[in-house]
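Inspection log for the structure reproduced underneath, given as structure tokens.
The values are calculated or read from the model by the stated rules, or taken from the named source; none is laboratory data. These figures come from a predicted structure and were not determined experimentally. All Cβ positions, even for glycine, are placed from backbone atoms using ideal geometry, and neighbour counts span all protein chains on display. Side chains are part of the model used for accessible areas, which takes the heavy atoms of the whole protein and leaves out ligands, DNA and RNA. Shrake-Rupley method; radii C 1.70, N 1.55, O 1.52, S 1.80 Å.
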Amino acid sequence: MLSLIMDTSNQYLMVSLYEDDQCIETIQELGSQRQSENAIPYLASLLEKHQKEFLDIDEMIITCGPGSYTGERVAMTIAKTLSVISPVKIKVISSLAAYAGKQKCVSVIDARSQKIFVCAYECGKPLIHEQLLPISNFMEFMKDYPKAKRVLLDINYRSSAYIVNGALRVI
């Protein structure tokens, strides 16, 4: 099974190609609001490099934020377009859940303006609803989850295998 995993909802653009649950290759970069310009060319280069076609993709896993609404639409538009021309299965996962995977943790994404998106997870299940908090309230929030690992977009996310494997475990 050929799987395409794409995250365009936050500051990093990530495009990953998996075959039979094994990562073939991942392209990841700080997006600088260029996800819409780079997503298709990166995807096309991955497919070409590994002698695959768009129609070979069996499933596409995309993140739905929280994050940039415009960024979310980039991956969603690519997925919907691909579904029109092929029988691809589309799976959508929260970015916070993708970062968390199956571990017991609090997943955190910078929401800008001194705010963060947070959610606590255990075994791939949210313990609470995703929340938007002022950064100043984060330490108080963490008192409810003293033993939870913190998964931060700016630190942990730089390992593309981490998010991809986390997303695949949850889905």
Approximate spin-label separation ILE85-GLU59, in nm, with each point projected 7 Å along Cα-to-Cβ: 2.3
Kirkwood-Stokes translational diffusion coefficient of region 31-132, alpha-carbon pairs, 10 °C, 1.306 mPa s, µm²/s: 105
Cα-centred dipole magnitude for region 1-100, charges only on beta-carbon of K, R (+1) and D, E (-1), debye, nearest 20: 380
For the chain, fraction of C-alpha pairs farther apart than 20 Å, in %: 49
Per residue accessible area of the chain, 1.4 Å probe, in Å²: 52
Cα-Cα over 27 Å, subset of LYS52/LYS149; LYS49/LYS149; LYS52/LYS80; LYS52/LYS89; LYS102/LYS143; LYS49/LYS89: LYS52/LYS149; LYS49/LYS149
Accessible carbon and sulfur surface of the chain relative to its total accessible area, %, 1.4 Å: 52
Span-like helix ranges in the chain, DSSP H, alpha carbon extent 18 angstrom or more, Kyte mean at least -0.5: 35-49, 69-85
ARG112 - accessible surface, heavy atoms, 1.4 Å probe, Å² rounded to 10: 150
